[in-house]
Amino acid sequence: MSVELSAGLSAERQSKASVTVIGLGPMGQAMAGAYLDAGYAVTVWNRTAARADELVARGAELAPSAEVAVAANELVVLSLTDYDAVFAVLESVEAVVAGKVIANLGSDTPERAREVATWLAERGAGHLTGGVQVPPSGIGSPESSTFYSGPVELFRRHRAALEVLTGADYRGDDPGLAQLYYQIQMDLFWSSMGGYLHAMAIAEANGISAEEFLPHAVATASLVPRLIEFYAPRITAGDHRGDVDRLAMALAGIEHVRHTAEASGVDGALPALLAEAFGRAAEAGDGAASLSVMVGRFRAAARAR
């Protein structure tokens, strides 16, 4: 740290375990708060400085610039919306990133995570990709979890600090892996939540309240873990026998959902997307196969475009 950039940091702060947190949306605020609770010296920075007010009142130090914030500590946690925001910050602090370890906990694609890691490596800095699996309310709980990937030696060096936030699930050296695991989790999450909200729209259109539908929604959702456990070994083995379910049945079922939605005055686009995909697979000869055959069909459709 240069003399100029380290000016103002007390000896007491420099003797503590320390971390910088950049990005003070709800997630970043929760992260900085967890570090304060754990006794860390915390430096924070955000484009809108007022978001740091409560953290400063609790003992955090607000840096006057992103450059000063990055210079303050070896470990820098980024909690930013996407990697466009990440690059905007990193390019503004390029002069001081050498020797730093950037724990990048925002969301974007695996390829963009690799781009950031390469950019930092070319400038003498380390990069750990993180995919946080909980909302801000889960930060600070060891039962929560975050995917990490990147150089294992950096992960080991900073694991204790990372585990202040959540449990740490290391996936491997490839910096894209943490984002890959995160995005496939989010694929399942958003698809599931979209299905619930769409079902709720149909329910309300027909006079059924969220409270009335609640136990039935939970009962249906509780089937999903068991179905995933059933399908996973079959998918691994390439076993798509239609001995338990058939794609043609699923296609008929989703079409009934679409018709019910439209008859209720609810947008039928969501079930129509699935009906289109299932229909293409059935027309290609998979109607008698298990629904699990769609794993390969989704991949084939992308290659055909």
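The values are calculated or read from the model by the stated rules, or taken from the named source; none is laboratory data. Values in this document were obtained by computation on a predicted structure and should not be read as measured data. With ideal geometry, Cβ positions are generated from the backbone for all residues, glycine too; neighbour counts draw on all protein chains shown.
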Q: Would you mind finding the one in LEU227, LEU214, LEU165 that is out of contact with any Gly (no Cβ under 6 Å at 6 or more places or on another chain), assigned by TED's automatic domain parsing to the domain that holds THR129 and surrounded by 11 or more Cβ atoms within 10 Å (Cβ to Cβ)?
A: LEU165
Q.
Suppose the filter is more than 21 Å from ASN46 (Cβ to Cβ), within 21 Å of the chain's Cα centre (by Cα) and either in the same structural domain as ALA161 (by TED's automatic domain parsing) or modelled with pLDDT of 95 or more (or both); does GLY99 pass it?
A. no
Q) Which of the strands (runs of 3 or more DSSP E) contained wholly in segment 17-78 include at least 2 residues that are more than 19 Å from HIS127 (Cβ to Cβ)? A) 41-45
Q) Does segment 284-303 contain at least one residue that is over 27 Å from PRO233 (Cβ atoms) and assigned to a helix (DSSP H, G or I)? A) no
Q.
Of all residues being under 14 Å from ALA17 (Cβ atoms) and hydrophobic (A, V, I, L, M, F, W, C) in segment 36-48, which is surrounded by the fewest Cβ atoms within 10 Å (Cβ to Cβ)? Just the residue, please.
A. ALA38
(Q) For the structure I just gave you, tell me whether VAL132 is more than 25 Å from GLU67 (Cβ to Cβ), in contact with a strand residue (DSSP E or B) (Cβ under 7 Å, 6 or more places away or on another chain), of a type in the set (A, V, I, L, M) and assigned by TED's automatic domain parsing to the domain that holds TYR40. (A) yes
Q. Under the condition of being more than 26 Å from the chain's Cα centre (by Cα), hydrophobic (A, V, I, L, M, F, W, C) and within 18 Å of VAL97 (Cβ to Cβ), which residue from segment 49-81 is surrounded by the most Cβ atoms within 10 Å (Cβ to Cβ)?
A. ALA72
(Q) Can you report the number of residues in segment 266-279 which are of a type outside the set (Val, Ile, Thr) and under 15 Å from LEU197 (Cα atoms)? (A) 5
Q: Report yes if some residue within segment 188-203 is more than 20 Å from GLY268 (Cα to Cα), modelled with pLDDT of 95 or more and touching a Ser or Thr at 6+ places or on another chain (Cβ under 9 Å); otherwise report no.
A: no
Q) When you go through (1) of a type in the set (Ser, Thr, Tyr); (2) touching a strand residue (DSSP E or B) at 6+ places or on another chain (Cβ under 8 Å); (3) within 22 Å of VAL134 (Cα to Cα) one by one for THR81, which number turns out not to apply? A) (2)
Q) Can GLY279 be described as assigned to a loop (DSSP other than H, G, I, E, B) and either in contact (Cβ under 8 Å) with a residue 24 or more places away in the chain or not assigned by TED's automatic domain parsing to the domain that holds HIS198 (or both)? A) no
